[in-house]
1. Quote the charge dipole size of the chain about the Cα centre in Debye, to the nearest 20; the model charges only the Cβ of Lys and Arg (+1) and of Asp and Glu (-1).
2. In terms of the Cα gyration tensor, with a ≥ b ≥ c the square roots of its eigenvalues, is the stretch 5-72 rounded because a/c is under 1.5, prolate because a/b exceeds b/c, or oblate?
3. Expressed as a whole number of Å, what is the distance separating the alpha-carbon centroids of the stretch 128-207 and the stretch 1-51?
4. Which trypsin sites (Lys or Arg not before Pro) in the stretch 179-214 sit in a loop by DSSP (not H, G, I, E or B) and have at most 11 other Cβ atoms within 10 Å of their own Cβ?
5. Calculate the translational D of the chain in whole µm² s⁻¹ from Stokes-Einstein, where the hydrodynamic radius comes from the Kirkwood formula applied to all Cα pairs, the temperature is 37 °C and the viscosity 0.692 mPa s.
6. Which loop trypsin sites (Lys or Arg not before Pro) in the stretch 17-62, with loop taken from DSSP, have no more than 16 other Cβ atoms within 10 angstrom of their Cβ?
7. Over the chain, with the other protein chains present, what is the accessible area per residue in square angstrom, probe 1.4 angstrom?
8. Considering only the other residues whose Cβ falls under 11 Å of the Cβ of residue 34, what net charge follows from Lys and Arg at +1 and Asp and Glu at -1?
Amino acid sequence: MDTKPLEFRRLDEATMHERATSMLESMRTRRSVREYSPDPVPMEVLRAIIETAAQAPSGANKQPWTFVLVTDPETKSRIRVAAEDEERRFYAERATPEWLEDLAHLGTDSDKPFLEVAPALIVVFAQTKAPDGGGHYYVKESVGLASGFLIAAIHNAGLVTLTHTPSPMGFLGEVLGRPPEERAFLLLPVGYPADDCEVPDIGRKPRSSVLVEV
Ligand code: IYR
């Protein structure tokens, strides 16, 4: 095993507290956004965000992810058409009444204009095995972690996103020409919010109901 010294510097307690709470305050303002401005975003910012996501830990450091950055209008249109097709079936047939009831307060339906309006889409793919057929481990956990990094990086850069999961997502691999060992995991529109953007008036559980200290 090759090793190298860890790059690490202890922070004083006041600085730690300040950094922990300022990240909390920033993340508190993160919201899933469904109404986008068509304004373009800098490509280098998007590439840096994706590289940030790729710093996530992964099973055996296999990094079992591929991020496809889509800005081509024609490809975005094809994705919208195929996603809305699946979503119409979801809302009309696949979703249970309980599921539809649970979604009602979000005001979602099968129309997904954001897939065309947002200047960029990031499609996260999970590699079920390596391109050379080698093993990948804890793939969903690993890609979930990278997606969390991705969402935080998008917010940190002053952009907004939505974790969209049209189901099933097989069409994404076809439209984007991905190999069969890759499975679409999440579809994220990225951009600026529309000027008149509204979001559901929902909150998060308080600390006391999510944290157990032993
Ligand atoms: N994929 C559908 C339905 C949907 C499902 C869940 I769970 C959500 O949190 C939100 C929506 C859609 O995107 O409309």
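1. The calculated dipole for the chain is roughly 640 debye.
2. oblate
3. Answer, in whole Å: 16.
4. Taking the stretch 179-214 and a limit of 11 other Cβ atoms within 10 Å, the loop trypsin sites (Lys or Arg not before Pro) found are 204.
5. 171
6. 30, 31
7. Counting only protein heavy atoms, the per-residue value for the chain is 65 Å².
8. -2
The values are calculated or read from the model by the stated rules, or taken from the named source; none is laboratory data. Fair warning: this is a prediction, and the values are worked out from it, not measured in the lab. Every residue, glycine as well, gets a Cβ built from its backbone with ideal geometry; the counts of neighbours run over all protein chains shown. For accessibility, only protein heavy atoms count, side chains too; no ligands or nucleic acids. Shrake-Rupley method; radii C 1.70, N 1.55, O 1.52, S 1.80 Å.
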